[in-house]
Amino acid sequence: MLFLAMTVVYLKEGMFFKPGLQVGMDSYMNDISFLQKKDGKIKWQLKAKRAVFLDDHSPTTDSRQQHSETSFGDKDVKLSDLKMTFPEKNLVLISDQGMYDIESRNLMIKGNIKASAPDYDILATTLFWDSSKEEIFSKERVRIVGRNFVVEGDGLTATTDKARLNYNVKAVFHGK
């Protein structure tokens, strides 16, 4: 089994760094990092304790494609204990697991998801990043909890400048 501890750097404007290694179903790396820059500024950084490289013959590939909302291909990386930081938004997201598609650059995040900003937390069980649209979305229940409010609803669509809960939205505001 391949055991490596290294950093993988991904630049949106450049090419994905591909180590000169043959990776297969039993290959993995510990303590990995993906970094996305635009115009020289860090847009986001993803760190994971473990990344398992799946190939198109992996038993989880077919079920993953049937249940995902965004496209995943033959070169997926299963991530464990992930943390994403968005420096421009002052937001940190943590989750149990995720799936990153190297070719499409799409990301599926699952588990106990908590995204924290200075004034609120976002809680969810599944989120998808569509790289081509630069959009985060979910069909699952999402809660946004602030100091004086709680908003929850089914389905989320978020871009860099706005977020929308789509269905069955409830909001509770607390006075001072």
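The values are calculated or read from the model by the stated rules, or taken from the named source; none is laboratory data. Worth saying up front: this structure is predicted, and the values here are computed from it rather than measured. We place every Cβ from the backbone using ideal geometry, glycine too, and count neighbours over all the protein chains shown.
Brief remarks on what is shown
Matching residues to (1) surrounded by 17 or more Cβ atoms within 10 Å (Cβ to Cβ); (2) at pLDDT 80 or above:
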| residue | (1), (2) |
| --- | --- |
| Gln65 | no, no |
| Lys75 | yes, no |
| Met84 | yes, yes |
| Asn90 | no, yes |
| Ile102 | yes, yes |
| Met108 | yes, yes |
| Phe128 | yes, yes |
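- Within the stretch 76-111, being out of contact with any helix residue (DSSP H, G or I) (no Cβ under 8 Å at 6 or more places or on another chain), in a strand (DSSP E or B), free of Cβ contacts under 8 Å to residues at least 60 places away in the same chain and not hydrophobic (A, V, I, L, M, F, W, C) holds for Ser80, Asp81, Lys83, Thr85, Ser95, Asp96, Gln97, Gly98, Asp101, Lys110, Gly111.
- Residue pairs whose Cβ atoms lie under 7 Å apart, sitting 6 or more positions apart in sequence or on different chains, and linking a residue in the stretch 133-162 that is over 21 Å from Asp119 (Cβ atoms) to a partner that is at pLDDT 90 or above and exposed (fewer than 13 other Cβ atoms within 10 Å of the Cβ), are Asp154/Tyr167; Asp154/Asn168; Gly155/Tyr167.
- Screening the stretch 112-131 for residues that are free of Cβ contacts under 8 Å to residues at least 40 places away in the same chain, among the charged types (D, E, K, R) and in a strand (DSSP E or B) and picking the one that is farthest from Ala48 (Cα to Cα) gives Asp121.
- Considering the stretch 16-63, the residues that are aromatic (Phe, Trp, Tyr) and at pLDDT 50 or above include one that is surrounded by the most Cβ atoms within 10 Å (Cβ to Cβ), namely Phe34.
- Neighbours by Cβ (under 7 Å, 6+ apart or cross-chain): first from the stretch 47-58, aromatic (Phe, Trp, Tyr); second part of a strand (DSSP E or B) and modelled with pLDDT under 90: Phe53/Tyr28; Phe53/Val77
- When restricted to residues that are part of a loop (DSSP other than H, G, I, E, B) and over 20 Å from Met84 (Cα atoms), the stretch 132-176 contains 5.
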